[in-house]
Amino acid sequence: EHGPWLQPVPPVLPITQIRAEMGGSWVEGGFDPAPVYAGLRCPILCVWGAADQVLPVEESRQQLEQALRASRHSDYQLQVVPNATHLLYIPSPNPEGILAETMHTHLHNVALAPGVCALLADWAATRVPGLK
C-alpha cells in the first residue's frame with residue numbers, strides 16, 4: 001500500500017542496481033538537489049525545519065547555497081524555521097495508539113510551525129504577479 005516509486009522494506013532491488021538505474025541522482029541512498037536547483041532560472045525558496053531528523057539541515061543549506069552562488073542564480077531564499085520538523089510541523093509529543101507515519105500522513109495532531117504560512121505567502125506575494 002505504498003507509492004509505486006517507493007521500494008518496500010527491505011528493498012526488492014539490490015543497491016547496486018538502484019544506483020545503476022538512477023544514475024547520478026542516487027548518491028549513497030539520497031538525492032542531491034543542488035545541481036537541479038543550480039540549473040533553474042526561476043525564483044527559488046527552500047525551507048528547512050531546524051528540528052529536522054531526516055537530513056542534516058545546515059549541511060544541506062550550505063551545499064545548496066554554494067551551488068546557487070556558483071551558478072550565479074539571482075533570486076533565491078534559503079530559510080531555516082526554528083523548532084520545525086522535516087515537514088515543517090511543530091514537533092508533537094509521541095502519539096499514543098497511532099503510528100507516527102499515520103499521524104503525519106493523515107495530519108492527526110500536527111500543526112505547521114509558527115511563521116511557516118506567512119513565510120510562504122510573503123515570498124510568493126513578492127515574486128508572483130497579481131498576488132500582492
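Key figures
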read-out: Neighbour net charge for W48 - beta-carbon separation under 13 angstrom, K R +1, D E -1; value: -3
read-out: Amide H contacts under 5 Å for Y89, placed H, 5+ residues apart; value: A113
read-out: Karplus (6.51, -1.76, 1.60) ³J(HN,Hα), θ = phi - 60°, over the stretch 44-54, in Hz, Gly and Pro reported as x; value: 10, 10, 10, 10, 10, x, 5, 9, 4, 10, 9
read-out: Paramagnetic reach from A111 (point 7 Å along Cα→Cβ, amide N under 20 Å) across the stretch 55-90; value: 81-90
read-out: Stretch gain in nm, segment A121-C46, where the contour uses 0.36 nm per residue and the Cα spacing is subtracted; value: 25.7 nm
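FYI, it's all coordinate maths here, none of it is from the lab. Computed from a prediction, not measured in an experiment: that's the story for all the values here. Positions of Cβ are backbone-derived with ideal geometry, glycine not excepted, and every protein chain shown enters the neighbour counts.
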